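So the structure is just underneath, and the comments pick up after that.
Each reported figure results from applying straightforward, stated rules to the coordinates on display, with no laboratory input. Because the structure is a prediction, the values reported are computed rather than measured. Here the Cβ is made from the backbone with ideal geometry for all residues, glycine too, and neighbour counts use every protein chain on show.
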Amino acid sequence: MKKSNRKYYRTIFLGVAAMATLIWAAVDQFGIPWEEMLDLLLVSVLMIAAVIVSAAACFGVFLLLRRLLVNRRE
C-alpha cells in the first residue's frame with residue numbers, strides 16, 4: 001500500500017475515533033441522553049443531505065442556463 005493511502009486511512013480512522021470520543025464524553029461526562037445524541041446525529045445527517053441536494057440543484061440550473069445560452073449564440 002502506498003504511503004499516501006496509509007496516511008489517508010489513518011486520518012479517516014483518527015477522525016472517526018475522535019468523534020466517537022466526543023460523543024462518549026458528552027454522554028458520560030455531561031449526562032446527555034443517548035436518545036438526544038441520536039436525534040442530533042439524525043438532524044446533522046439531514047442537514048448535510050439538504051446542502052448536497054441544494055448544491056446539486058444549483059449546479060443543474062447552472063448547466064441548464066449554460067446550455068441555453070450556448071444554443072442561443074449558435
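Observations, loosely collected:
- Most fluctuating residue given options Leu46, Leu14, Leu38, as computed from a GNM of the chain linking Cα atoms under 10 Å: Leu14
- Taking the longest Cα principal axis of the chain as reference, the axis of helix 34-73 is set at about 10 degrees.
- C-alpha long axis of helix 3-30 to longest principal axis of the chain, angle in °: 60 degrees
- Here the chain is assigned +1 on the Cβ of each Lys and Arg and -1 on the Cβ of each Asp and Glu. Its dipole about the Cα centre then comes out at about 960 debye.
- Over the residues of the chain, the helix contribution to mean residue ellipticity at 222 nm works out to -33500 deg cm²/dmol, using -39500 (n - 2.57) for each DSSP H run of at least 4.
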